[in-house]
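FYI, it's all coordinate maths here, none of it is from the lab. In this text the structure is predicted, and so the values were computed from the model without any measurement. For neighbour counting, all protein chains shown are included, and Cβ atoms are generated from backbone atoms with ideal geometry for every residue, glycine included.
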Amino acid sequence: MEAMNVKITINGKEHSAKVETRQLLVHFIRESAGLTGTHVGCDTSNCGACTVLLDGKPVKSCTVLSAQANGKEVTTIEGLGSIKGMDKLQKAFIKHDGLQCGFCTPGMIMEAHYLLKKNPNASEEEIRSGIDGNLCRCTGYVGIIEAIKSVQNGADNGKA
């Protein structure tokens, strides 16, 4: 198997490792960087549980090779906030019951973060369209949409 050295900046910290050229970014994040908030879901790019930001844009990390991310910046759910200092979207998902099992939540929040950065005044239809590549089997999406809308219009002041 061919291997190569990669350096990827994840959440502001550089991570280096020798990896197989076919290794997926999601596995680099979880195994080499030790960040387990990014979930491995379907491995076919259908569910979006593995969504991260690559150079500021959302990608499904199960479809990106670690080699393709070499020298680039990745933001994961851990880069938005922590248990001690959650991002306003993370708090809003809790407040509006935008999660149940939580498996899809990291990818959903990363996609919503990008959506609101790109279009802070997105309509409900644009929000629904913006997250349509992320599947949730538990919530029915009502709480997710409400969480995103609440952050968007400032209704939530960041307190869960």
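One table, with the values for the structure above:
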{"quantity": "Residue within region 40-58 that is over 27 Å from Pro120 (Cβ atoms), buried (at least 19 other Cβ atoms within 10 Å of the Cβ) and touching a residue at least 12 places away in the same chain (Cβ under 8 Å) present", "calculated": "yes"}
{"quantity": "Pairs where the first residue, in region 5-32, is in contact (Cβ under 8 Å) with a residue 24 or more places away in the chain and the second is part of a helix (DSSP H, G or I) and among the aliphatic types (A, V, I, L, M), C-beta under 6 Å, 6+ apart", "calculated": "Ile8/Ala69; Thr21/Ala67; Leu25/Ala69"}
{"quantity": "Residue in region 25-43 that is closer than 15 Å to Ile109 by Cα and of a type in the set (D, E, K, R) present", "calculated": "no"}
{"quantity": "Some residue of region 74-82 being in a loop (DSSP other than H, G, I, E, B), within 14 Å of the chain's Cα centre (by Cα) and β-branched (Val, Ile, Thr)", "calculated": "yes"}
{"quantity": "Restricting region 1-59 to residues that are touching a helix residue (DSSP H, G or I) at 6+ places or on another chain (Cβ under 6 Å) and assigned to a helix (DSSP H, G or I), the residue that is farthest from Ile131 (Cα to Cα)", "calculated": "Phe28"}
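The rows are residues; the columns are (1) crowded, with 17+ Cβ neighbours inside 10 Å; (2) in a loop (DSSP other than H, G, I, E, B); (3) in contact with a strand residue (DSSP E or B) (Cβ under 9 Å, 6 or more places away or on another chain).
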| position | (1), (2), (3) |
| --- | --- |
| Gln90 | yes, no, no |
| Gln100 | no, yes, no |
| Phe103 | yes, yes, no |
| Gly107 | yes, no, yes |
| Leu116 | yes, no, no |
| Pro120 | no, yes, no |
| Ser129 | no, no, no |
| Asn134 | yes, yes, yes |
